[in-house]
1. Quick check: pseudo-label points 7 Å beyond the Cα along Cα→Cβ at Ile216 and Val147, how many nm apart are they?
2. What ranking, highest mean first, results for peptides 146-159, 189-202, 19-32, 129-142 when packing means the other Cβ atoms within 10 Å averaged over each residue?
3. For the residue pair Phe2 and His233, what label-to-label distance in nm results when each label sits 7 Å from Cα along the Cα-to-beta-carbon direction?
4. Determine the dipole magnitude for segment 85-233: charges of +1 sit on the beta-carbon of Lys and Arg, -1 on that of Asp and Glu, nothing else is charged, the reference point is the Cα centre, and the result goes in debye to the nearest 20.
5. Hey, how many Å between the Cα centroid of segment 107-176 and the Cα centroid of segment 181-233?
6. By its C-alpha gyration tensor, with a ≥ b ≥ c as the square roots of the eigenvalues, how is segment 44-147 shaped: rounded for a/c under 1.5, else prolate for a/b larger than b/c, else oblate?
7. Calculate log10 I(q)/I(0) of the chain for q = 0.08, 0.09, 0.13 Å⁻¹, where I(q) comes from the Debye formula with a single equal point scatterer on each Cα and nothing for solvent.
8. What residue among Gly78, Gly219, Gly185 shows peak mean-square fluctuation when the chain is described by a Gaussian network model with Cα springs under 10 Å?
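The values are calculated or read from the model by the stated rules, or taken from the named source; none is laboratory data. Predicted model, so just to flag it, every value in this text is computed and none were measured. As a convention, Cβ positions derive from the backbone with ideal geometry for all residues, glycine included, and neighbour counts pool all protein chains shown. Please note that ligands, DNA and RNA were not included when accessible areas were found on the heavy atoms of the full protein model with its side chains. Shrake-Rupley method; radii C 1.70, N 1.55, O 1.52, S 1.80 Å.
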Amino acid sequence: RFNRSDTVTGARGTQTRSLFMQISYNVNGTVGQGTSSEQNEFQFLPKQDTGDVYLSYWLKLQPDLVQKMATDFWGNPGTWRAIFAFKTGGQTAWGGPANNGDYRVEAYVRSNSGQLFWSMLGDNNAGGGAPLVNSWNVENRNVPVPVGQWFKVEFFWHRSSGSDGRVWFAANGQVLVDRRGPNMGAWNMPINRIIAPMLYTGGAMPVYQWTDDLEIWDGFPPSNGNNPPYAAH
């Protein structure tokens, strides 16, 4: 796996410096990867509770994505590709994030018989072996997944044990997921890893993508800002 800064034509038709990320092969070689753990991650590592977070970036997925996601390691039709996640947990003695959390939220592009669609979930896969609480999974098969072209992804979350909790995900100004309700883990741990962008897949190798214009806010930005589109919220 490797990363580099690429000068490319960006989303607005002008030259831009973008982050290029690639995984060339895995423990299984270049075939569908199944459950292999090879990841290429751009991470933010908060050391305290972050409060409400809005995060967006422009993403360009490789043009042969449908072919790369045709089957999994076992030859079954379709597989997954993760593009974003946050995980909870504590801090290690040396100051980094501990892999001992109780909750995860992750966004995917999934495939089934050649059709790509969006998916997002919340579960306890954050390293700590916590009991599974507030588990959910939402799919969106109505909004097309762009391939080989720039599109903007937006994420927002308000963490809560109550009905005011929210996890929101949009692409190209269209809301894909707006899940209301509790989104805390069994141990109420804070977020210690925000992985955005993320390159991680069960599909064939090589896999790659470009990312540009990453923004982080402590709430939704103004809808008349200088980085449209903005999905309704």
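1. Placing both labels 7 Å beyond Cα along the Cβ direction yields 3.3 nm.
2. On the way: 146-159: 19.2, 189-202: 23.1, 19-32: 15.9, 129-142: 13.6.
Ranked from most to least packed, the peptides come out as 189-202, 146-159, 19-32, 129-142.
3. 3.7 nm
4. On the way: 10 positive and 11 negative charges, 54 e Å.
That gives a dipole near 260 debye.
5. 10 Å
6. On the way: a/c = 2.14, a/b = 1.81, b/c = 1.18.
In terms of gyration-tensor shape, prolate.
7. -0.28, -0.36, -0.79
8. Gly219
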